[in-house]
Amino acid sequence: QMETQFDPNRGKINIVPQDAGRVLLNRFNNAFYACADRNGKLAKTIAGIESGQDAVEYFPTISVITKRENGSAVISVKDNGGGIPEKIKDKIFQPFFTTKPTGQGTGLGLSLSYDIITKEHNGTIRAESRECEGTEFIITFLRNMKPGENNQIPIFLFLFGNAVNVAGLIVPGFNQKF
């Protein structure tokens, strides 16, 4: 399930649209993976439950929220996947660090996202996570930043069909079944 809440008074910010698209695409891919992984683990647990016990219901959900906050633009991407274990939270933005099995992740997505947001756009990105409950990434862009001229885009995503248009990038699979 995809939930959205876009601030109607969000305004515009100066960013490189392709960079914002890369960051959001990475976050969406990670969110889909986390939800699918949690769903798979629950399915295995439910298959092993003896008759008479209650099964756990799980509805994979990803939410995207945009808002203005203290003169900045904030984009939040939240999933209800398995969350980030406490022991690795300080490593998630390091290059080549991944929790995915060999061949399924390079460990560069969050590292590149961190560099794009903090170094190229003078913004911030942080993760709030609880194991077995999910993760929220909060991306903040300062309104007065200027990485390039004429790169103002509205802070919102266009949802259509089973895809989403993120700063000009089409991201398929938003009605993906987990």
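The values are calculated or read from the model by the stated rules, or taken from the named source; none is laboratory data. Note that the structure is a prediction, hence the values are computed from the model and not measured. No Cβ is skipped: glycine too gets one built from the backbone with ideal geometry, and neighbour counts run over all protein chains shown.
Can you list the strands (runs of 3 or more DSSP E) found entirely within the range 65-178 that contain at least 2 residues being buried (at least 18 other Cβ atoms within 10 Å of the Cβ) and modelled with pLDDT of 90 or more?
Details: elements: 72-79, 124-130, 134-142, 152-154, 158-160, 163-166, 169-172.
Those strands (runs of 3 or more DSSP E) span 72-79, 124-130, 134-142.
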Residue that is farthest from C132 (Cα to Cα), among those in the range 1-37 that are surrounded by fewer than 16 Cβ atoms within 10 Å (Cβ to Cβ) and polar (S, T, N, Q): N9
Counted residues, the range 1-45 - those being without any contact (Cβ under 8 Å) to a residue 12 or more places away in the chain and β-branched (V, I, T): 1
